[in-house]
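First comes the structure, then the notes that go with it.
Read-outs: derived from the displayed coordinates by stated rules, not from any lab. Quick caveat, the model's predicted, so the values are computed rather than measured. Positions of Cβ are generated from backbone atoms using ideal geometry, with glycine treated the same way; all protein chains shown enter the neighbour counts.
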Amino acid sequence: MTEWLKTAVFYEIYPQSFKDSNGDGIGDLGGIIEKLDYIRELGCNAIWMNPCYDSPFKDAGYDVRDYKKVAKRYGTIDDLRELFKQVHERGMHILMDLVPGHTSEEHPWFALSGKKEENEYSGRYIWTDCWYKRAEGFPYIAGERERNGAYILNYFKCQPALNYGFLNPKENWQKPIDHPDCMATRDAMIDIMCYWMEMGCDGFRVDMADSLVKNDDEVKSGTCAIWSDMIHRVQEKYPEIALVSEWNNPASAIGMAGFQMDFFLDWFGNGYNLLMRDYDDTGRDDSFFKKESKRSIQDFLKEYMPKYEAVKDKGLYCLITGNHDMVRAAYNLDERELKLAYAFLFTMPGAPFIYYGDEIGMRYLNLPGKEGGYTRTGSRTPMQWDTSRNYGFSEADAQTLYLPTDKGGKAPTVEEQQKRADSIYHTVRELLLVRKEQEAFARHDNLKILFAEEGKRAFAYKRDDLIMLCNPSDREEIIPVEIENTDVIYCIGSVKTEEGGCALEPQSFAICRK
Ligand code: NOJ
């Protein structure tokens, strides 16, 4: 595995909303450069930046019009080069966002693909052979281009699917994955990755990485074969490239496709979701880190452990505080609950990912959708730096901001939290410092569960010489874990030795070293 990944802690930046350096109301590359020291001082040594490419922004930039061009609103290619340089000068790394499954409907490839006359791009997308033939099982569009066919979508209407082929083609318009048209799509994606690697980026977060091959099987063996080929070919030139997949199936993504990292994502009702976001609009909230929840950590471990075990010596199965697609963790968790959740996330194996603003508990805002964000928009609002105009995000008039700021009163800011010793910000910083100092956290195959039982809220786990104890509940709990000959090197609340094990105060977390 790429060496720096073993100790990597990522900070996800949604460039629209992080920092505006030229006063036009939208975040930009210059703004990110201004804040690199902030990110480093927080304890993050790597960045994942959401798409910054030329785009009509019908899906916030996940609808790419030109893979090799920086969107004007973020700056120029020289600004991006400068960002790479400044990141590296600080000993940090940066991943761009690669969108391999689809382009914008405004991409020139797609314009050519829709032409009646055969050309180089006719097979770059997936077209049926006649406009009134349905593409069974796929969302498709007809009635927009001169070519006699309908085309398949990968996500929104503005995102036609690129053609990587079908695992078992059943119609003559469905191509096998090694068809020259599908191979040409692979080559084009490799060319794009190499272009940015050459410019100085360190790798990619890969959007919908599992979506390439259509009618793929359960383990996605077609898609895995394609990634394995593409990754090997890029690694020949850039052996250090770092890749994290949006897949949520590490056995396929890491085990078969060759990614070094995969995310545990918030699929409805799954293990990750149960930690911080298990609520509905009836007021029910059974998220594990809510103090009054009845849930046991088993509900998470049942799903996490087998997936972790399958890849623990091959790559990193990564836990995130949130991302630009989900409701912010602070929506339902209070400060103390967030601190405990983060303490857990940052002491587990894998590289942690912190979504900008989560380190100060930025709130979710109920906003109308913007650029295809829908309910995700409320998690994409301007970063709150201080109490100056627009929270220090931008000098622009409030009406010209990309998204409105938090008007809810007592909105958290970096400035306020840096001053307050017991803030979420300081908890994050301290935890990341411990993570950096303890060698056990740089190994990722060493997780052992010491205690986790149905009906119990507190639990304990181990990483080499470190024992982590957590009690998210509002009551003291005693668990049968010996901590007698250990030093408590980090603590939220307190733990003490008790007959038969140790007692954990309500809402506590501790890291003990043997
Ligand atoms: C996943 C991205 O995270 C999301 O924001 C986007 O809308 C879809 N993929 C489509 O690219």
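Can you tally the net charge around Leu431? Count Lys and Arg as +1, Asp and Glu as -1, for every other residue whose Cβ sits under 12 Å from the Cβ of Leu431.
Numbers: positive: Lys339, Arg429, Arg435, Lys436; negative: Glu359, Glu430, Glu437.
Here the count lands on +1.
Need one number: nm distance between label points at Arg429 and Thr282, each 7 Å from Cα along Cα→Cβ, rounded to one decimal.
4.3 nm
In whole Hz and in residue order, list the ³J(HN,Hα) couplings for segment 162-168 that follow from phi through the Karplus curve 6.51 cos²θ - 1.76 cosθ + 1.60, θ = phi - 60°; x for Gly and Pro.
6, 9, 10, x, 10, 5, 10
Just to verify a number: FRET efficiency for Gln235 and Glu476, C-beta to C-beta distance, R0 = 51 Å, to 0.05? Don't skip to the end; give the middle numbers.
Working: r = 52 Å, r/R0 = 1.01.
Approximately 0.50, to the nearest 0.05.
Just from its helices, what would the mean residue ellipticity at 222 nm be for the chain, if runs of 4 or more DSSP H residues each count -39500 (n - 2.57) and the sum is divided by every residue, rounded to the nearest 500 deg cm²/dmol? Could you put the intermediate results ahead of the total?
Values: 11 runs with 122 residues, N = 514.
Rounded to the nearest 500, the figure is -7000 deg cm²/dmol.
Give the peptides 128-137, 17-26, 199-208 in descending order of average Cβ contacts within 10 Å, highest first.
Values: 128-137: 13.9, 17-26: 20.3, 199-208: 21.9.
Ranked by mean Cβ neighbours within 10 Å, highest first: 199-208, 17-26, 128-137.
How large is Rg/Rh for segment 426-473, to two decimals, with Cα atoms and a Kirkwood Rh?
On the way: Rg = 12.3 Å, Rh = 12.0 Å.
Dividing the radius of gyration by the Kirkwood radius yields 1.03.
Straight-line reach from Lys291: which aspartates and glutamates have Cα under 15 Å away, leaving out those fewer than 8 places along the same chain?
Asp278, Asp334, Glu335, Glu337, Asp474, Glu476, Glu477, Glu505
Among the listed pairs Lys35/Lys68; Lys68/Lys370; Lys237/Lys307; Lys170/Lys312; Lys6/Lys214; Lys35/Lys157, which have their C-alpha atoms separated by more than 27 angstrom in this model? Walk me through the numbers before you get to the answer.
On the way: Lys35/Lys68 25 Å; Lys68/Lys370 24 Å; Lys237/Lys307 31 Å; Lys170/Lys312 37 Å; Lys6/Lys214 33 Å; Lys35/Lys157 35 Å.
Exceeds cut-off: Lys237/Lys307; Lys170/Lys312; Lys6/Lys214; Lys35/Lys157.
Quick one: if the Förster radius is 45 Å, what FRET efficiency do Ala111 and Glu89 give, using the C-beta to C-beta distance and rounding to 0.05? Spell out each step's value before the answer.
Values: r = 40 Å, r/R0 = 0.90.
FRET efficiency, Ala111 to Glu89: 0.65.
If I stretch the segment between Tyr132 and Asp397 completely, what's the gain in nm (0.36 nm per residue apart, minus their alpha carbon distance), one decimal?
90.4 nm
Could you tell me the relative contact order of the chain? Use alpha-carbon pairs under 8 Å, at least six residues apart, and round to a whole percent. It would help to have the intermediate numbers written out before the result.
Working: 1150 pairs, mean separation 68.5, N = 514.
The value is 13 percent.
Residues with beta-carbon under 15 Å from that of Asn119, excluding Asn119: net charge, scoring Lys, Arg +1 and Asp, Glu -1? Provide the component values of the computation, followed by the final result.
Numbers: positive: Lys115, Lys116, Arg124, Arg145, Arg147; negative: Glu117, Glu118, Glu120, Glu146, Asp181.
With Lys, Arg at +1 and Asp, Glu at -1, the net is 0.
Whole angstrom only: what separates the Cα centroid of segment 456-474 from the Cα centroid of segment 141-192?
Measuring centre to centre over Cα atoms gives 48 Å.
Could you please report the charge total around Gly258, scoring K, R as +1 and D, E as -1 over all other residues with beta-carbon less than 12 angstrom from its beta-carbon?
On the way: positive: Arg233, Lys314; negative: Asp229, Asp262.
Result for the neighbourhood of Gly258: 0.
Taking θ = phi - 60°, what integer Hz values does the Karplus form 6.51 cos²θ - 1.76 cosθ + 1.60 yield along segment 272-285, in sequence order, with x for Gly and Pro?
Along segment 272-285, the couplings run 5, 4, 5, 5, 10, 9, 9, 9, 9, 7, 7, x, 5, 9 Hz.
For the chain, give the share of DSSP beta bridges that are antiparallel, in percent and rounded to the nearest 5; count only bridges with both residues there. Spell out each step's value before the answer.
Values: 36 of 62 bridges.
Antiparallel: roughly 60 percent of the beta bridges in the chain.
Quick check on packing: order 405-413, 156-164, 349-357 by the mean number of other C-beta atoms within 10 Å, highest mean leading.
Values: 405-413: 14.2, 156-164: 22.9, 349-357: 24.7.
Going by the mean number of other Cβ atoms within 10 Å, highest first, we get 349-357, 156-164, 405-413.
Quickly rank 440-451, 51-62 as a protection proxy: mean count of other C-beta atoms within 10 Å, highest first. Intermediate results must be reported in sequence, preceding the final value.
Working: 440-451: 16.2, 51-62: 22.1.
Going from most to least packed, we get 51-62, 440-451.
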